[in-house]
Amino acid sequence: MMVHAVVGAQYGDEGKGKMVDYFAVHADMVIRFQGGGNAGHTIVNEFGKFALHLVPSGIFNPKTTCVLGTGVMIHPKNLVAELQTIKDAGIDTGNLVISERAHMVLPYHIWQDEYEESLRDRKVGTTLQGIGPAVQDKVGRFGLQMGELRDVDRFRKRLEEAYAFKLKRIPGLKDYSGEFDDMWKELMAAREVLLPYIQDTSPLIQTAVSEGKEVLLEGQLGVMRDLDWGVYPFVTSSNPISGGIPAGAGIPPRLVTDVTGITKAYTTAVGAGPFPTKLEDESGRHLQQRGQEFGATTGRSRDCGWLDIPTLKYGTWLNGYTKLALMKLDVLSGLKKVAICTAYELDGKTYDTPVPGYLLDNVTPVYEWLDGWDDDISACRRREDLPESAQTFVKRVEELTGVPIRYISVGPRRQQTIIVEEELA
Ligand code: GDP
């Protein structure tokens, strides 16, 4: 594995953090290529438990260069706070690099997020972190880039112009706005901390890739939240699919050699939007409680449902998975029967991959039922150690997706992972 992407195969929160942390042990470089601080990875390691929102999970390994790539939207103050929690645990953050071309999420983007969400009848369920509005400004060509923080006078002028333009375009924003001076102070305080990390990341990445170093790309959210391919409009404002890598990290597509899709053994989703296999019964409560399904960023409880193969197949093509990691298999323990959704039905037709978000609410999932298992599997370290019915479950997911499952996660800790050397017999 040289340039290895780790991407979410569902609606986000699949457990990418654990697997990136696991892979990062051997990585020379970890790159975030899209998104912002609107999703969180939870990492449990020897230093403690961390909810990382922006900082790549490789930060805990001093030999790993961690890159916040050009495609990442950065809220300076929040990044400073996140870095502080890592420093407080005694970890040096000198291995972090921030792309000078990455765009900033500014305080007025958060005000705009709140204002715009207040205007919507059906809420998008934004985390109100200002990412969407900041992306709008980036696309609208009046965003501000991290490298602009270097020249204070020029930056002040650019900020004043951009903010005045914004207020002209969105007069209603005024009622939601704070003081310009407070915004300025916040940014200047963050500048002091962040300036040393800001660089042109391209030569670094180019050298690492050319020298055959292990480069890990850390995707955020998942395929169903992709701006182009997800359950629009209940999507994020970037491309978490592997197609987002070339633009967001600045790596040519042909150089991405491996793509690991991360999926839970069931499905969860947070916030509004369609979710075909959602459960509102005892099994759903089992998954939520046993899986501790509460958001790392928002604390919101996640809806839970059965594993959705159409979603996994969809990502198999879009992301080009070379392998899958099946997470949280331990959470299914204690269920008498477990279901796998193999297809959807809509208006007399059968679909084996998702229909667009505007139709997905109307589909009926087709289920295949398998036997559950009672045993606690969190101590299993080989697939043969798993109860027979759990092995059957894993094998069935492989058969239905056509992608080898190379990692089976049976608990939150790094060592609670089964590494599958070869395909299941
Ligand atoms: P991410 O955003 O994809 O990294 O996912 P989150 O960090 O939001 O959610 C994953 C949660 O599940 C975290 O609290 C992890 O510690 C936990 N977790 C990861 N893998 C497993 C597993 O195999 N079993 C259990 N029980 N928990 C896991």
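Restricting attention to strands (runs of 3 or more DSSP E) lying wholly within the stretch 313-353, give those where 3 or more residues are more than 18 Å from Y407 (Cβ to Cβ) and not β-branched (V, I, T). I'd like the intermediate steps shown before the answer.
Working: elements: 323-327, 335-346, 349-351.
It comes to 335-346.
Yes or no: the stretch 145-163 includes at least one residue that is assigned to a helix (DSSP H, G or I), under 30 Å from R120 (Cα atoms), in contact (Cβ under 8 Å) with a residue 24 or more places away in the chain and open to solvent by 40 Å² or more (accessible area, probe 1.4 Å).
No: zero hits.
Give the residue, chosen from G320, G348, G315, that is at positive phi, under 19 Å from the mean Cα position of the chain (by Cα) and at pLDDT 95 or above.
Values: G348 fails: under 19 Å from the mean Cα position of the chain (by Cα); G315 fails: at positive phi.
Going through G320, G348, G315 in turn, the sole match is G320.
Per-residue answers, yes or no, for (1) part of a helix (DSSP H, G or I); (2) away from the ligand (no atom under 16 Å from the Cβ); (3) aromatic (F, W, Y); (4) surrounded by 12 or more Cβ atoms within 10 Å (Cβ to Cβ):
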{"site": "K168", "(1), (2), (3), (4)": "yes, yes, no, no"}
{"site": "L173", "(1), (2), (3), (4)": "yes, yes, no, yes"}
{"site": "D181", "(1), (2), (3), (4)": "yes, yes, no, no"}
{"site": "I205", "(1), (2), (3), (4)": "yes, yes, no, yes"}
{"site": "G212", "(1), (2), (3), (4)": "no, yes, no, no"}
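From the list G271, G295, G299, pick out the single residue that is out of contact with any helix residue (DSSP H, G or I) (no Cβ under 9 Å at 6 or more places or on another chain), free of Cβ contacts under 8 Å to residues at least 12 places away in the same chain and under 29 Å from K138 (Cα atoms). Give the derivation first.
Working: G271 fails: free of Cβ contacts under 8 Å to residues at least 12 places away in the same chain; G295 fails: free of Cβ contacts under 8 Å to residues at least 12 places away in the same chain.
After ruling out the rest, the residue left standing is G299.
Which of the strands (runs of 3 or more DSSP E) found entirely inside the stretch 13-121 contain at least 3 residues meeting this: surrounded by fewer than 24 Cβ atoms within 10 Å (Cβ to Cβ)?
On the way: elements: 29-32, 41-45, 48-52, 65-68, 96-99.
The strands (runs of 3 or more DSSP E) meeting that bar are 41-45, 48-52.
So R225 clears everything in (1) touching a Ser or Thr at 6+ places or on another chain (Cβ under 6 Å); (2) more than 21 Å from M19 (Cα to Cα) except one condition, right? Which one?
It fails just one condition, (2).
If the Cβ limit is 6 Å and pairs must be 6+ apart or interchain, which residue in the stretch 51-73 that is in contact (Cβ under 8 Å) with a residue 60 or more places away in the chain and under 18 Å from I198 (Cβ atoms) pairs with which residue that is basic (K, R) and part of a loop (DSSP other than H, G, I, E, B)?
Qualifying pairs under 6 Å: T70/R101.
Looking at (1) closer than 18 Å to M146 by Cβ; (2) within 14 Å of the ligand (Cβ to nearest atom), which is the only condition T93 fails?
T93 satisfies all of (1) closer than 18 Å to M146 by Cβ; (2) within 14 Å of the ligand (Cβ to nearest atom) except (2).
Restricted to the stretch 256-294, and to residues that are closer than 23 Å to T417 by Cβ and in a loop (DSSP other than H, G, I, E, B), which residue is farthest from the ligand (Cβ to nearest atom)?
T257
The values are calculated or read from the model by the stated rules, or taken from the named source; none is laboratory data. Bear in mind that the values here come from a model prediction, so they are computed numbers and not experimental data. Heads up, the Cβs are rebuilt from the backbone with ideal geometry, glycines too, and the neighbour counts pull from every protein chain shown. Please note that ligands, DNA and RNA were not included when accessible areas were found on the heavy atoms of the full protein model with its side chains. Shrake-Rupley method; radii C 1.70, N 1.55, O 1.52, S 1.80 Å.
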